[in-house]
Amino acid sequence: MTSIAFRRKATDRIMKALFLLSAFLVILPLFLIFFDLLWKGAKELKWSLLTDLPRPVGEPGGGIANGILGTLTVTGLAMAGGIPLAVLTGIYLAEYGKGAFASVVRFAVDLLAGVPSIILGIFGYVLWVLPMKRFSAWAGASALAMIFIPIVVRTTEEMLKTVPVSVREGALALGIERWKTTLFITVRTAAAGIITGILLAMARILGETAPLLFTALGNQFWQTGLDQPIATIPLQVFSYAISPYDDWHGKAWAGAVVLILMVLVLSTVARLLTRTRK
Amino acid sequence: MKKRFGLGLALFGIAVWFAGTNPARAAGPLTVTGAGATFPYPLYSKWFYEYSNSHPGVNFNYQSIGSGGGIRQITAGTVDFGASDAPMTDEEMAKLPGPILHIPTAIGAVAVVYHLGGVGSGLRLTPDALAEIFLGKITKWNDPKIASHNPGAKLAGSDIVLVHRSDGSGTTDIFTNYLNTVSAEWKEKVGRGKSVNWPVGLGGKGNEGVSGVVKQTPGAIGYVELAYATQNRMAMAALRNREGHFVLPSLESTSEAAAGAAKTMPADFRVSLVDAPGKDSYPVCGLTWLLVYRDQRDEAKGKALVSFLAWAMHDGQKRNAPLLYAPIPKTVVEKVDIALKQIRYKGKSLY
Amino acid sequence: MKVGANIKDFLFEKTTALFALCVLGLTLLLFALLIRESLPAIRKFGVTFVTNSTWDPVLEEFAALPFLYGTLVSSFLAILIAVPLGVGSAIFINEFAPGWLKTPISFLAELLAAIPSVIYGLWGIFVLVPILRDNFMKPVSRALGWIPLFQGPVYGPSMLAAGVLLAIMVVPFILSVSREVLATVPQVQKEAVLSLGGTHWEMIRIVIGQHCIPGIFGATILGLGRALGETMAVTMVIGNRPDIVLSLFQPGYSMAAVIANEFTEATGDLYLSALVEIGLVLFLLTIVVNLAAKWILTRMVPGRAGR
């Protein structure tokens, strides 16, 4: 009897230890990655990294300034197109979406959300690059927008649905027109949640590489127009990483540090937004 | 809310507009985009960097996506010029919307590189041994076919890890063209091309990728452009040329191979330099070309391109040797100058 | 006034519906373009495209099986590693972790999910692959090299490396969905087991066995869906070799990776078309997997319907 009790207790201890271990193993890579980023990127983390253009192999110095600007440009373009499309679609689904059409749209958004990002690169290439006969920021942005849209549609819909019916009914009872109620009361109540969704989606597309490989292509110089190839940090990190030059490896790590800082700042701001609301 | 939203939108619009323009100059420089071969990328990045410094009005954006990519993108017209280390085949040229010029820019050697602790450059490989390694028939570094020619070297019984290009590549074309020339079995089983169905090995993307994998992997052997091998201080094999000498890839042995070819250069410059005659010539060499349409679609870009090509054939050639690319022989440069005069916009020469 | 308001309401509804239609249109456009561009390859190869294994750009013979195999094997391997870890840590966070530890751990796991793929790839090439090669693959190959799974020379970049890296990348998703699934268990049931004198572990075993298995299965499928389409990180560590080999130590190739590597350089039209068809196959595969996950999860986790 006691031996059974002992065994039960021991099993309990062992399993608890295993659960603790698995939590530890899940978190461990994060620390390893951050450590390596700082350790290996430190040498190249200089001011010039943020202000200079890339230099050819063997020339000292150089930076990823054009990539930083390019990343912001392509992300900004994708958002400029994606936000209205996604937020209004989200409003439609949350406020009016009861019929068959809404179910079809919801299904499409679900499909879109699961599409591997590389396939959206093909989309951008076939839709823009081939007909326009050039690689461009537009093509890159349209591929990124396809990643951005489903995420924001979903969060918008979810957030609007969390707004209590009483809020809507109260406004309607006051004689406020329905569209005004939706736009200025319901949407506003859910605004922090929607913005959080937008920022998280932005953080996601900021770091995307695969859809840009054959749409934005890359550029060693400052961008000269949205209809031209454009540099982005993830593309630069990729091409530096697979290069055989040690100083370029350093640049890849340093570029990765810059990229991850941008992503972290966005995610943290997003999280703070929801927290202050609560 | 509405006001704030509107303000936000306006700021956002301004940001996008700003982002779309050049921060350094109100009217941005002309961008000419090219893509293709990774083989001459160190040279081209140097050329374009220097040229844009001395000619502030124009930027040449070159992305090294592989020779196959250069041909693909120039065919689709998505870039202003292509670059390739493999001449376009007649079949490929038939798909083009118009005639194209192959402008030779440099001559390079493909070095066979390896990662064997303790064995430096100069491992001697016969054409047979090389072909059998790449066919997967020789799998250990101490195989007698390698060891018998390298009595002094300490070759361990480690596995040979073969690294080839995963992308369509002119370097692959030059290398497989060589294997095709020296090995009947290779010719029958694999053949020549920018990308082939490799019997064994790992794929790396670009010359960069292959040298990266070879450097990271003990026991690896691969083929990369000489400049990549040298810059990365990789160990290179000495290959036996057709006159029976083991020759290391170098600027001299490449120029030796090129000298012979200059005499027989065809008018369209599409020529193979592998297994060239000459006592000291390195057997795996090739030309690399820029691909330019004879009839340009955009006058300004066409003009910039022709001026650049003229610069590249004269001033640019001085940059070749320090980066270990053999310059184009003088007699060939004269022929290229004549060819450049054919490039035109609406029938008018841009030279 | 009343009529005006109705018209405005009507217009507003229809405007939002129009935007919804645009989103639907974009999805259909994506589908249509993929099908149109892969038609030449579909016509030429038919079903053999997914049953043959030759990828020969010189002879223009294309088939997707090695890539399909690589995608599936690397993803399953990832799931095999990630599920125990993800579920285990979800249990730890929900059931055992002291209150002050819950938020930091789940915050860190969310950070892991936010790291861009290309950074995982960078870390994979320079840190993970050398570690795996020298500390795991080499000793295992020496001791157990006769087992088909570990056969052949040790390269470094391999199916195993891709699987491990993917596992690290999908664990946060499995973790967070598992936590949601665990949270659906009624507190009363847990307390019932404990009050009967059960240990914590017995409580978890009983409760999970009764309630959570299907939900965790859903989380697994969802993780699988993430892993299947992952591109950059896999491209950088899988070795890029279109071969079907049982050994996990050998290089492989995935569908996403072959598109990333060869899309811009496919010289022939058929070559390009074959790559797009690989994209189409990948697209269909992820659709099936994601829908399956959604179907399971909406049944298991009531609050999850929207996602």
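The values are calculated or read from the model by the stated rules, or taken from the named source; none is laboratory data. For clarity, every value in this text was computed on a predicted model and none was experimentally measured. All Cβ positions, even for glycine, are placed from backbone atoms using ideal geometry, and neighbour counts span all protein chains on display. Each accessible area value is taken on the protein alone, full model and side chains, heavy atoms only, with ligands, DNA and RNA left out. Shrake-Rupley method; radii C 1.70, N 1.55, O 1.52, S 1.80 Å.
Remarks
- Pick from the stretch C:205-236, criterion open to solvent by 50 Å² or more (accessible area, probe 1.4 Å) and among the charged types (D, E, K, R), ranking: farthest from A:Ile118 (Cα to Cα): C:Arg205
- Some residue of the stretch A:202-219 being open to solvent by 60 Å² or more (accessible area, probe 1.4 Å) and within 12 Å of chain C (Cβ to nearest Cβ): yes
- Applying a threshold of 6 Å to beta carbon distances and a minimum spacing of six or more residues, or different chains, the list of pairs starting in the stretch C:270-290 at a residue that is within 10 Å of C:Phe62 (Cβ to Cβ) and ending at one that is surrounded by fewer than 22 Cβ atoms within 10 Å (Cβ to Cβ) reads C:Leu270/C:Pro40; C:Leu270/C:Glu60; C:Ser273/C:Pro40.
- In summary, A:Phe135 fulfils each of the numbered conditions (1) in contact with a strand residue (DSSP E or B) (Cβ under 7 Å, 6 or more places away or on another chain); (2) hydrophobic (A, V, I, L, M, F, W, C); (3) part of a helix (DSSP H, G or I) with the single exception of condition (3).
For (1) in contact with a helix residue (DSSP H, G or I) (Cβ under 7 Å, 6 or more places away or on another chain); (2) of a type in the set (D, E, K, R); (3) surrounded by fewer than 20 Cβ atoms within 10 Å (Cβ to Cβ), each residue gets a yes or a no:
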| site | (1), (2), (3) |
| --- | --- |
| C:Asp9 | yes, yes, yes |
| C:Ala20 | yes, no, no |
| C:Leu29 | no, no, yes |
| C:Val47 | no, no, yes |
| C:Ser53 | yes, no, yes |
| C:Ala63 | yes, no, no |
| C:Thr71 | yes, no, no |
| C:Ile93 | yes, no, no |
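- Among the residues of the stretch A:44-64, the one identified as more than 12 Å from A:Ala254 (Cα to Cα), exposed (fewer than 14 other Cβ atoms within 10 Å of the Cβ) and in contact with a Gly (Cβ under 9 Å, 6 or more places away or on another chain) is A:Thr51.
- Complete set of residues in the stretch A:226-250 that are open to solvent by 10 Å² or more (accessible area, probe 1.4 Å) and not aromatic (Phe, Trp, Tyr): A:Leu226, A:Asp227, A:Gln228, A:Leu235, A:Gln236, A:Ser239, A:Ile242, A:Asp246, A:Asp247, A:His249
- Summed over the stretch A:33-45, the residues that are within 7 Å of another protein chain (Cβ to nearest Cβ) and either touching an Asp or Glu at 6+ places or on another chain (Cβ under 8 Å) or under 18 Å from C:Glu110 (Cα atoms) (or both) give a count of 1.
- Residues that are in a helix (DSSP H, G or I) and open to solvent by 20 Å² or more (accessible area, probe 1.4 Å) do not occur anywhere in the stretch C:237-244.
- Boolean, C:Leu34 is open to solvent by 30 Å² or more (accessible area, probe 1.4 Å), within 26 Å of the chain's Cα centre (by Cα) and facing another protein chain (nearest Cβ under 8 Å): no
- Any hit, the stretch B:269-288, residues being buried (at least 20 other Cβ atoms within 10 Å of the Cβ) and within 26 Å of B:Ser52 (Cβ to Cβ): yes
- Candidates B:Ala321, B:Ala310, filtered to the one that is assigned by TED's automatic domain parsing to the domain that holds B:Ile74, more than 22 Å from B:Met93 (Cβ to Cβ) and surrounded by 14 or more Cβ atoms within 10 Å (Cβ to Cβ): B:Ala310
- Scanning the stretch B:239-247 turns up no residue that is within 18 Å of B:Pro40 (Cβ to Cβ) and at pLDDT 85 or above.
- Subset of the stretch A:91-105 that is more than 9 Å from every other protein chain (Cβ to nearest Cβ) and either touching a residue at least 24 places away in the same chain (Cβ under 8 Å) or not in a helix (DSSP H, G or I) (or both) - its residue that is least open to solvent (accessible area, probe 1.4 Å): A:Ala94
- Within the stretch B:127-145, the set of residues being closer than 19 Å to B:Leu179 by Cα and either out of contact with any strand residue (DSSP E or B) (no Cβ under 7 Å at 6 or more places or on another chain) or assigned to a loop (DSSP other than H, G, I, E, B) (or both) comprises B:Asp128, B:Ala129, B:Ala131, B:Glu132, B:Leu135, B:Gly136, B:Lys137, B:Ile138, B:Thr139, B:Lys145.
- For the stretch C:138-160, the criterion of a residue being in a helix (DSSP H, G or I), modelled with pLDDT of 95 or more, out of contact with any Pro (no Cβ under 9 Å at 6 or more places or on another chain) and crowded, with 19+ Cβ neighbours inside 10 Å is satisfied by at least one position.
- Enumeration of residues in the stretch A:148-160 that are more than 7 Å from every other protein chain (Cβ to nearest Cβ) and open to solvent by 20 Å² or more (accessible area, probe 1.4 Å): A:Ile151, A:Thr155, A:Met159
- Yes/no for B:Ala261 being modelled with pLDDT under 90 and open to solvent by less than 20 Å² (accessible area, probe 1.4 Å): yes
- Of all residues in the stretch C:206-228, at least one satisfies being farther than 24 Å from C:Leu112 by Cα, without any contact (Cβ under 8 Å) to a residue 12 or more places away in the chain and either among the small types (Gly, Ala, Ser) or within 10 Å of chain A (Cβ to nearest Cβ) (or both).
- Number of the condition not met by B:Gly82 [criteria: (1) surrounded by 24 or more Cβ atoms within 10 Å (Cβ to Cβ); (2) at pLDDT 90 or above; (3) under 21 Å from A:Pro54 (Cα atoms)]: (3)
- Hey, C:Glu202 in a helix (DSSP H, G or I), among the acidic types (Asp, Glu) and open to solvent by 20 Å² or more (accessible area, probe 1.4 Å) or not: yes
- Matching entry among C:Ile119, C:Ile105, C:Ile81 (being at pLDDT below 95 and facing chain A (nearest Cβ under 10 Å)): C:Ile105
- Verdict on C:Val87 being among the aliphatic types (A, V, I, L, M), within 10 Å of chain A (Cβ to nearest Cβ) and in contact with an Asp or Glu (Cβ under 9 Å, 6 or more places away or on another chain): no
- Given (1) at pLDDT 90 or above; (2) assigned to a helix (DSSP H, G or I); (3) open to solvent by 20 Å² or more (accessible area, probe 1.4 Å), index of the condition B:Thr331 fails: (1)
- Subset tally (residues that are under 17 Å from the mean Cα position of the chain (by Cα) and of a type in the set (S, T, N, Q)) for the stretch C:89-125: 1
- In the stretch A:161-176, the residues that are more than 9 Å from chain C (Cβ to nearest Cβ) and either in a helix (DSSP H, G or I) or under 22 Å from A:Leu111 (Cβ atoms) (or both): A:Thr162, A:Val165, A:Ser166, A:Val167, A:Arg168, A:Glu169, A:Gly170, A:Ala171, A:Leu172, A:Ala173
- Residue check for B:Gly68: within 13 Å of chain C (Cβ to nearest Cβ), in a helix (DSSP H, G or I), open to solvent by less than 20 Å² (accessible area, probe 1.4 Å) and closer than 29 Å to A:Pro244 by Cα: yes
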